[in-house]
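One structure is given below, encoded as structure tokens.
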Amino acid sequence: RVQQNEWEQLQNSSDALMKKLNGPSDNKEEEAEKIIDALNTEKSKLDAKMKEWDLTNEALRRQLNTALERELQSKAAGEEEMQRLKQQHLDDLERLRGEQELTDSMRHELEEMKAKQREAVDKSKQLEE
């Protein structure tokens, strides 16, 4: 927007000088030289503004690229963390599954031991009778 306003100001200044050149005058050559000098000054200003704009645009482009690069790195780091957490979750599930199998196995053995103990108690009672 600032660049647009500056451009319009330079354009208006240039237009005013051209109107003066085409208008009535007693000393056309002298006025033409002054206008040419003024136009050259305006052109120099315009060239300087264009260079300034180019530098500003280049700086903005570098800032944008840096921000995008950081965003991509951040996203990649987030994805790596997500993968690590997912793998940790899978490992935890596998460990819990192993613990559950061990618990089930121990429960089964305990049931078998209780059954054998009942049998032994029953045999012991039969022997006592």
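The values are calculated or read from the model by the stated rules, or taken from the named source; none is laboratory data. Since the structure is predicted, the reported quantities are computational estimates derived from the model, not experimental observations. With ligands, DNA and RNA removed, areas are computed over all heavy atoms of the protein, side chains included. Shrake-Rupley method; radii C 1.70, N 1.55, O 1.52, S 1.80 Å.
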- Query: Only one residue in Q73, Q63 is at pLDDT below 95 and among the polar types (S, T, N, Q). Which one?
  - Reply: Q73
- Which condition number in (1) open to solvent by less than 70 Å² (accessible area, probe 1.4 Å); (2) at pLDDT 95 or above is the one that E42 fails? (2)
